[in-house]
Structures are given as structure tokens and as C-alpha cells.
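Peer 1: One structure coming up, written as C-alpha cells, with questions to follow.
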Amino acid sequence: MVKRLFSLLLFVVATLNVMAQPADYTWTTPSKNASESMPCGGGSIGMNVWVEEGDILFYLSRSGAFDENNTLLKQGRVRIKLTPALECGEAFRQTLCLNDGYVEITDGQKTVEIWADVFKPVVHVDVKAKGAVVMEATYENWRTKDIKIGKRERMQTSYKFAPPKGLVTRHDSIISNSADIVFLHHNGDSTNFDATIKQQQMDVLKDKLYNPIHRLAFGGRMTGTSLQYVGMNTGRYASTDFVGWTYKTTKKSSRQSLQIVLAEKQGAVEEWMTVLNETAAAVNKKKDQKASRQWWNEFWQRSYVISNDPDCRDITTNYNLFRYMLGCNAYGKWPTKFNGGLFTFDPEYVKVGEAEYQLSADFRNWGGGVHTAQNQRLVYWPMLKNGDADMMKPQLDFYLRILKNAEERSRLYWGHEGACYTEQIENYGLPNFAEYGKKRPADFDPGLEYNAWLEYCWDTILEFCEMAFEMNRYEGKDISEYIPMIESAVTFFDEHYQYLARRRGAKALDENGKLVMYPGSACETFKMAYNSTPTVTGLRVVTESLIDYLKDDTVAVARYKALLSRIPEMPTRIVEGKQVIAPAAMWERVNNVENPMLYPVFPWRIYGIERDNLQLALDTYWHDPYSKKFRSHIGWKQDCIWAACLGLTDEAARLAQLKLGNGPHRFPAFWGPGYDWTPDHNWGGSGMIGMQEMLMQEVDGRIILFPAWPKNWDVTFRLRASGNRVVEATMKDGKVENVRIEGLKD
């Protein structure tokens, strides 16, 4: 009896363990082209993997591969052929093995595993067969010569719609040896950084500013078991010509392997080669594979959302698939880009039939090195409840690295302190070249973008400041390194709006001793705004967080309490006989389709379930004419988040199904292009936040379960809350079950 009971307990535990991880994702037929690819990666590497006409192909990407034009280039494409050939019949399977973080392709007789080392930039391809096979591996590159950049293609660069004449993507260097191939892109001394410095009248500071793309070298080496070079070939994939270098195994074997080591380094090619060789020497395949799979196993134990309910199975599956994509850049130096991340593919498959998009796989709309802050934030906010605060480091480090450049802008242009972080900001901390404006009035303020969308739009930095504080609240992360950045960011608003007031008149503050935050901008939408709602609420929340964090520093606390007293109140107005939150006290024009009047709900969480004056926010959601007019699930739209935060269950469910439903491509989490590009990561991020808020919210440390989740949707979740707490719960047949809240050790 005891033995039987023990066996039953083992069965229950095993069943729970199976449930506590997302299911693998499988295709049973090959793909037509790269648009039907499957993501695979880890650490800082992303690959689009697919099988086409019996060949296994994958694009190879790594965060930070910025060329002279600040395009985020791919590292190339790899094509693998097996002899006997991979069969694509009834036994064919291509599986994203989520729990272990790799892609497996099999025909029943031959199995190929493709995986990236989480802890070092190395890709492995392992072939296991029931009989002996020969492997042929071709490295394909479409940048073997300089390529003139056309009208549409320029949008992949930081020059976007204002490129200099004769702009080209410079060629890579390819060195093919008998047993391996080395591929490299090496930026020169003159880059987009230099053009931007000259344009923005910062030459006097050029030598002291941070420049991450000067002489940047990136690329890698492909090697394999008993591989031997057999020759070059040329071809055309989609609309892009390429050159291929083919290697073939000299012996038939039931085991074959391929290894691609990547490296990047600013400086001479010899320095880059040293990094490449050191990385290759550190490879211990068996140990590295075990460590990487363990990392992915632990990743899926941090959090999950799982359901087999037909009403929400797709959206919970896609939630997990998108989280996997984010996990592929967990340890990259650079943030995951909102406009495709590491998983873009040939653009003609995004814009089917449009000749202007017949470009290389390097293309993405809205640039590679420019980081649009309103979009980037949506990629990173959901990591808190996912337990992925460690993955937020690349985004916060991005702002820390460019702090000096942002501060120097303020000193040069306006003579005051504080970091001016603009909305479309380059990876070196200056406004985007195109958005700054090439045709500017001679007397226009050189510190401002001459741009109808972006002028005076610089408050999104406040969200990244609050992310740092939330990392500390959720997981106890040491955020001391980010405090100078946060202090400088809030100082900018205090200093700059007093500076502007003094230029207009004799007083720096209004009659109530408040800052006059004009001209301002409520997102990119309500322009030339007076006391923009996102600005005043964001500045207040971040300043309060700063005071709380620095509570033992009496001098600093006094300084920021004084600032807090100067921040204006959030504006409201009357619409349809109801008081609603206004986007600003006043504005001159409406320029875009954002809803800044709901930012006090999210991200600033001033209003919401079990918070004061919920009705004000509800009336804003339902009655404000702009809120109604701009409502959508497309791209970076946040209505799904606001509906959940306000407890609007039916509305949140409707928007969640639109937001996280299957995208237009074979891999269902490849959403977009929306307003940006495919796969649209701010589309996925906003959907992920919305689902989290439907499942669990927190008010002053109190946890609210299923505040906007339909009772007829069965689901199990594991999410993080503040104070290092893990929350697990199940909704089944309309009842809340299996609630467990536990604290994690620091």
C-alpha cells in the first residue's frame, strides 16, 4: 500500500512538472520560404530556421552588429544538405523544443539539432542518423561587394529618409580556408556617428563622446567535423543575389557537427581575431550544451502561462513563444530591438508583392541602431512579472552608456545640467540623423529636433528609470549603478523648464511655485503641450521612487522633495458631462494616434483596480473622444493593458484575443508589421503586459488574482510579484484553485 501511494505521488509530481512548462511547438511539413521560419537562439544570438526543398537553412543574427550606417546586419545564412537527403514525408518534424531552447528537425532516420550557447556566442548544428550520412554546409553572404542603398532600403539605416548621396552598405571580408571560413564586417573611421556630430553642431565634443560603432568589427568562423572546402557557388534567394562557400564532410558517419563562433570588437582586425580565437578555445561542447539547456529549463520555471482551453489556448501559447524570442537576447550587450529583434527575414515576404521591398534580409523598417523609446519600453516592462529582471540589464545599460553624451548635449546647447534623452535616440545617445531635420531654420534651437512628431518629446526615459526601481522592488537587484542616470534624467526636466521659463520672462515658476512644462509633448500625439500628462505624472512617480530609494541620504532627499513640490498637477477636463484625464492642460495640434491620457493607469499606476478614483480612469477609457477614436490592438497600442488594469474583463479578453492571436506568418508569434516591422516585438510586449494584468495585479503589496480574466477560461500561471514573491494559481471551471504565494531567497 505504501509503495502504491508513493508511486501515485510520483505520478502527481511528474504530472505537475509537465504542466509547469510550455509545450514544444511542432510543424509536420517543410516551409515554403524564410517567412515560414522558426526562431532559435540564446544568449545574444537569434536564428530563423526553416527547411526548404530538403535543405535546412538559417539566418544568423547577433545583437550589436551595427555597420557604418547603423544598420543591424545579419551575419549571413547557412544552408545544410544531407546525403542521403532529408526526407519531407509523413515522418518529417520540425520542433522548437522550448524547455531546452533548441530546434530539432527529423525525418525519422536523421535528426538535426540546432542550438545557441547561452553563455558564449557559439552556434552548434548536430546531426545524428541511424545510418552513415554526409553533411554539406554552405555559408551564404550577399555583401561580397559594396551595395548602393536605394530609396526603400535606406530605412534600415540611421539616415532613413535623409541619406547622403552615394550611400552604400560596405562589403564584408570573407576568408575561405581548406577546413573553415571566416567572415567579417569591419567599420571604418567614418560612420553615421560622424555625420550626426557634424549635423548637430557637436564637433567641439566629438573626441570625448561615446562612439560604439567606430571601427567595430563583427563576424565569425564556421568549422565542422572533418569538413573540407569544395568550392564557391552563386545564387539568388528571394530577391537577393548571394555567394556561397561550400564545405563537405570527408567521411560518412552517423554523427556530424557544425560550429559557428561569433565575435565582436572595436579596434583592429587582429584584436577581433584574438577575441574570436579565445571564444573558440573556450568551447566545451558537452559542458556548454548541458549549461545552456539547464538555463532554459530554469527560465521556464521562473514563470509560465499555460492553458488547453480552446478560448485562450492560442494566446497563452503565443505568450510563451514570444517570451522564448525575448530569451534569445538575455545576455546581449544591446537591447532587443522593437522592430524585429533578432528574427527579421526577407522583407518581400512581409510586404508581399510590393517591388520596393525586394531587398536583402538586412532590412527592417525604422533602423537598427536607433532605439525608439516608446516602442522599446513595451519590450521590457513584461520582464518584471516574468521573473526576467536580469534580462532588463541590456536596456538599462543602454541608457547608462549614453549618459555622458546626453548630459553633454544639455551643457552645450542650453548651459544647464541633466541628461536630455530624446525619443528616437541612437545607440550613441544623440537624436536620429533624419529625425533631427536636415532642412532647419537658421535660428532654430540646435538642441531640438525640427520634427513635428518628436519636438520636445523626451519623457520616455522616465519609464526606464522606474524600471530600475521596479527591478529592485521585485527581485532586490542592486541598482546603485543606475542612480546617477536617474538623477540626471529628473534633473533635466527641472533645469530645462526653468531655463525655458527664464527665456520667456522674469520668473522660472508659475504663481503657485510650479514648473511651467511648456513647450512639451504628450507622446508623439498632442504637440506643443502645456503640462503634458505623461510628463508630469511620470516625473512625479520617478521622483517619489528616487526619494524612497535615497531615504538615508538627507541632502538628496531634501533636494528631490523640493523638486516634487514644483511638479504641476495632472490636468483633467470635462467630456460628455464627465471628468476625464486630459492629455495635457493645453495643446496646439494632434499629430499621431497615442492615448497619453491613460498613462496614469499604465505605466504610472496612479489609477486602477483598488486604487483611489478608479471612476476617473474608467470614464477616460470609455468617454474621452481620443481614447475611443485611437483604440486598437495593432502594434504598440496599449488598450489591452489599460482595459486589464481597469478590471474590464470582457474588453480585456476581446483585445487579448486580437493582440495575441496568431500572427500572419507560419510562426504565430511573428506579428506585424503593424506600425513598425515583422516580427513586431512591441506588439508582442504590449500583449504580454495585458495578459499579465488580466491574471494578476498588485496594489501596495496586495496581490489581486484574476482581476480581468474571464471565469470560463481555464488557465494556470506562475508569475512574479514584488518582494521576491512567486505567485501560482489556477482558474478552473470558474473557480480559483491551487493558489500558492512563496518568497524567494535573495
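Peer 1: Enter the angle in degrees (range 0 to 90, nearest 10) between the Cα long axis of helix 483-504 and the first principal axis of the Cα atoms of the chain, meaning the one along which they spread out most.
Peer 2: In the chain, helix 483-504 runs at an angle near 40 degrees to the longest axis.
Peer 1: Can you tell me the 0 to 90 degree angle between the C-alpha axis of helix 533-549 and the longest principal axis of the chain, rounded to 10?
Peer 2: Here the helix axis deviates by roughly 80 degrees.
Peer 1: Below 20 Å, Cα to Cα, which aspartates and glutamates can residue 265 reach? Residues fewer than 8 away in the same chain don't count.
Peer 2: Answer for residue 265, where 20 Å is the Cα cut-off: 67, 68, 117, 172, 189, 194, 207, 278, 397, 426, listed by chain and number.
Peer 1: Could you point to the residue in 571, 161, 119 farthest towards the positive end of the chain's charge dipole, with +1 and -1 charges on the Cβ of Lys/Arg and Asp/Glu respectively?
Peer 2: The one lying farthest along the dipole's positive direction is 119.
Peer 1: Work out the count of Lys pairs in segment 598-734 where the Cα-Cα distance is under 21 Å, with the pair 8 or more places apart or on different chains.
Peer 2: Close lysine pairs under the 21 Å cut-off: 7.
Peer 1: While we're on this one: Per 0.36 nm of contour for each residue apart, how much would the distance between residue 145 and residue 228 grow if the chain were fully extended, relative to their Cα-Cα spacing?
Peer 2: Values: separation 83, 0.36 × 83 = 29.88 nm, distance 2.52 nm.
Extra length from residue 145 to residue 228 when fully extended: 27.4 nm.
Peer 1: Now for a different question. Compute the Cα gyration tensor for segment 39-189, then decide on rounded, prolate or oblate, letting a ≥ b ≥ c be the square roots of its eigenvalues: rounded whenever a/c is under 1.5, prolate when a/b is larger than b/c in the other cases, and oblate in all that remain.
Peer 2: Values: a/c = 2.25, a/b = 2.03, b/c = 1.11.
Cα axes put segment 39-189 in the prolate bin.
Peer 1: Also: When the Karplus curve 6.51 cos²θ - 1.76 cosθ + 1.60 is applied with θ = phi - 60°, which whole-Hz ³J(HN,Hα) does each residue of segment 610-622 get, with x for Gly and Pro?
Peer 2: Taking θ as phi minus 60°, the curve returns 6, 10, 4, 6, 4, 4, 4, 6, 4, 5, 5, 4, 8 Hz for segment 610-622.
Peer 1: I've got another one for you. Compute the distance in nm between two label points, each set 7 Å from the Cα along the Cα-to-Cβ direction, one at residue 168 and one at residue 311.
Peer 2: Result for the modelled spin labels: 6.1 nm.
Peer 1: Now for a separate question. When we measure straight from the Cα of residue 81, which lysines land under 19 angstrom away, once same-chain ones fewer than 8 places off are left out?
Peer 2: Candidates past the 8-residue exclusion: 32, 110, 128, 130, 248, 251, 252.
Peer 1: Remind me, relative contact order of segment 414-505 in percent, using alpha carbon pairs under 8 angstrom and six or more residues apart? Let's see the in-between values first.
Peer 2: Values: 81 pairs, mean separation 35.3, N = 92.
Computed value for segment 414-505: 38 percent relative contact order.
Peer 1: Turning to a different aspect of this structure: Based on the Cβ-Cβ distance of residue 735 and residue 629, what FRET efficiency does E = 1/(1 + (r/R0)^6) give at R0 = 30 Å, to the nearest 0.05? Provide the component values of the computation, followed by the final result.
Peer 2: Working: r = 39 Å, r/R0 = 1.30.
Once the sixth-power term is evaluated, E becomes 0.15.
Peer 1: Follow-up. Once you keep just the Cα pairs under 8 angstrom separated by 6 or more residues, what percentage relative contact order results for segment 8-140?
Peer 2: Working: 270 pairs, mean separation 31.7, N = 133.
Relative contact order comes out at 24 percent.
Peer 1: Please give the FRET efficiency for residue 81 paired with residue 499, using the beta carbon to beta carbon distance and R0 = 56 Å, rounded to the nearest 0.05. Provide the component values of the computation, followed by the final result.
Peer 2: Details: r = 65 Å, r/R0 = 1.15.
For R0 = 56 Å, the calculated efficiency reads 0.30.
Peer 1: Output the relative contact order of segment 226-309, whole-number percent, from Cα pairs under 8 angstrom with separation of 6+ residues. Write out the running numbers ahead of the final one.
Peer 2: Numbers: 54 pairs, mean separation 14.1, N = 84.
Value for segment 226-309: 17 percent.
Peer 1: Extending each Cα 7 Å along its Cβ direction at residue 177 and residue 268, get the distance between those two points in nm, one decimal.
Peer 2: For the pair residue 177/residue 268, the computed spacing is 1.9 nm.
Peer 1: Roughly how many debye, to the nearest 20, is the charge dipole of segment 526-685 about its Cα centre, given +1 on each Lys and Arg Cβ, -1 on each Asp and Glu Cβ, and no other charges? Walk me through the numbers before you get to the answer.
Peer 2: On the way: 18 positive and 17 negative charges, 58 e Å.
Around 280 debye, computed over segment 526-685.
Peer 1: If you place +1 on the Cβ of every Lys and Arg, -1 on the Cβ of every Asp and Glu, and leave all else neutral, what size is the dipole of the chain about its Cα centre, to the nearest 20 Debye? Kindly include the intermediate steps, with their values, before the conclusion.
Peer 2: Numbers: 89 positive and 92 negative charges, 209 e Å.
About 1000 debye.
Peer 1: Here's another thing I want to ask about it. Roughly speaking, what is the stretch gain from residue 109 to residue 90, that is 0.36 nm per residue apart minus the C-alpha to C-alpha distance, in nm to one decimal?
Peer 2: Numbers: separation 19, 0.36 × 19 = 6.84 nm, distance 1.21 nm.
Difference between extended and current length: 5.6 nm.
Peer 1: Something else now. Rounded to the nearest 0.05, what FRET efficiency do residue 556 and residue 55 have when you use their Cβ-Cβ distance and R0 = 56 Å? List each step's numbers first, then the result.
Peer 2: Values: r = 61 Å, r/R0 = 1.09.
The pair residue 556/residue 55 has a calculated efficiency of 0.35.
Peer 1: Now, a different point. Could you work out how much longer the chain between residue 283 and residue 417 gets when fully extended? Use 0.36 nm per residue separation minus the Cα distance between them, nm to one decimal. Could the numbers behind the result be given before it?
Peer 2: Details: separation 134, 0.36 × 134 = 48.24 nm, distance 4.68 nm.
Roughly 43.6 nm would be gained on extension.
Peer 1: Going Cα to Cα from residue 561, which lysines come in below 16 Å? Please leave out same-chain ones fewer than 8 positions away.
Peer 2: Result set, ordered by chain and number: 514, 551.
Peer 1: Between 344, 327, 421, whose Cα lies farthest towards the positive end of the dipole of segment 312-462 when Lys and Arg beta carbons carry +1 and Asp and Glu beta carbons carry -1, centred on the Cα centre?
Peer 2: The Cα lying farthest towards the positive end belongs to 327.
Peer 1: Now for a separate question. Are there chymotrypsin sites (Phe, Trp or Tyr not before Pro) in segment 401-456 that DSSP puts in a loop and that have at most 15 other Cβ atoms within 10 Å, and which ones?
Peer 2: Here the chymotrypsin sites (Phe, Trp or Tyr not before Pro) that fit, given the DSSP loop and packing criteria, are 444.
Peer 1: Can I ask one more? Counting only the backbone N, which residues of segment 293-308 are under 14 Å from the spot 7 Å out from the Cα of residue 742 toward its beta-carbon?
Peer 2: 301-303
Peer 1: Distance in nm between label sites at residue 201 and residue 134, each 7 Å beyond Cα in the beta-carbon direction?
Peer 2: 6.8 nm
A short reminder: the numbers here are calculations on the coordinates, not readings from a lab. Values in this document were obtained by computation on a predicted structure and should not be read as measured data. Virtual Cβ from ideal backbone geometry, glycine too; neighbours counted across all protein chains shown.
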